[in-house]
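The values are calculated or read from the model by the stated rules, or taken from the named source; none is laboratory data. Computed from a predicted model, the values in this text were never measured in an experiment. Here Cβ is always computed from backbone atoms with ideal geometry, including for glycine, and neighbour counts include all displayed protein chains. When the accessible area is computed, the model is the full protein with side chains, heavy atoms only, and any ligands, DNA or RNA have been set aside. Shrake-Rupley method; radii C 1.70, N 1.55, O 1.52, S 1.80 Å.
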Amino acid sequence: MIQIKDLHKSYQMGSNSLHVLKGIDFNVKQGELVSIMGSSGSGKSTLLNILGMLDEADLGSYTLDNVPIKNLNEKVAAQYRNKFLGFIFQSFNLINYKNALDNVSMPLYYQGMKRKERTDKALHYLEKVGLADWATHLPSELSGGQKQRVAIARALASDPKVLLADEPTGALDTKTSYEVMELIQGINDEGKTILVVTHEPDIAEMTKRIVNLKDGRIIDDRPVKQILAKHHV
Ligand code: ADP
Ligand code: MG
């Protein structure tokens with residue numbers, strides 16, 4: 001699903017250059033649930049943003065579902081992003097003045113889907129994350145865990161090939177974090193490929209493979225015996 005070879009990324013700050021990714025080699029097969037671990041500043045978000053086509057590498061290659069991701073213009077990149085990728089963020093990134101249903105259905109609008117189909121689909125995914133009764137509520141009326149569930153429903157609604165989650169439990173208490181991980185594990189069990197960035201070892205152990213980043217390099221990449229979140233919620 002994902003093939004990355006010798007990826008490099010630097011940030012330019014005035015006359016200084018910060019070399020953040022220093023040659024990343026990394027493949028992900030369809031159906032994997034992978035965590036990317038590392039301390040703050042190790043380059044996790046930079047890597048995830050490149051995988052998410054929100055940013056581009058300076059060097060190296062990236063292939064997503066057999067499509068080489070290179071020198072795409074913004075319009076084509078946006079199309080691929082919509083078609084291939086779903087995003088989940090630490091801070092949920094919901095639109096505050098839109099209710100849960102509209103937050104989930106909005107990306108479908110941009111795909112040109114008709115209103116009825118959009119609404120049906122959004123309701124289906126809200127149901128899937130256990131929030132059917134909250135469809136008409138604004139984000140401000142939802143708990144942190146519920147907001148993240150809405151964000152997950154939104155990410156799933158366009159049936160992406162890969163879900164990319166950057167610290168999805170970073171703003172949640174432990175119990176709520178494990179509930180969100182239980183949901184993520186369930187989605188993975190249905191076959192979805194998922195990458196989770198986290199700096200929390202207990203969250204990483206709920207995935208099936210842990211990739212450890214340090215100072216822009218992968219220092220460890222191994223399968224783990226998955227801890228089931230439902231035993232801990
Ligand atoms: P992580 O997600 O592991 O905490 P990041 O990928 O966000 O790490 O950041 C890696 C390094 O790159 C950090 O030192 C950070 O300050 C720097 N960095 C991240 N984004 C930018 C940017 N847009 N401009 C300049 N430096 C950045
Ligand atoms: Mg980060």
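See the values below:
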{"read-out": "Virtual paramagnetic centre 7 Å along Cα→Cβ of ASN82, amide N under 17 Å, in the stretch 44-67", "value": "53-54"}
{"read-out": "Too-long pairs where the Cα-Cα distance tops 18 Å, listed order kept, from LYS75/LYS121; LYS121/LYS175; LYS83/LYS192; LYS128/LYS230; LYS5/LYS29", "value": "LYS75/LYS121; LYS121/LYS175"}
{"read-out": "Accessible-area composition of the stretch 137-233, carbon plus sulfur, in percent [1.4 Å probe]", "value": "47"}
{"read-out": "Angle between the chain longest axis and helix 100-110 axis [Cα atoms, degrees, rounded to 10]", "value": "60"}
{"read-out": "Highest average packing first - 57-69, 11-23, Cβ atoms within 10 Å", "value": "57-69, 11-23"}
{"read-out": "Relative contact order %, the stretch 1-131, counting alpha carbon pairs below 8 Å whose residues are six or more apart", "value": "21"}
{"read-out": "Fluctuation leader among GLY144, GLY86, GLY41 - the chain, Gaussian network, Cα springs under 10 angstrom", "value": "GLY41"}
{"read-out": "Solvent accessible area, Å² - ARG154, 1.4 Å probe, full protein context", "value": "40"}
{"read-out": "Fraction of beta bridges assigned by DSSP in the chain that are antiparallel (%, nearest 5)", "value": "55"}
{"read-out": "Length-normalised contact order of the stretch 50-206 in % [C-alpha pairs under 8 Å, at least 6 apart]", "value": "26"}
{"read-out": "Of LEU183, LEU85, LEU72, the one that fluctuates the most in a GNM where the chain has Cα springs shorter than 10 Å", "value": "LEU72"}
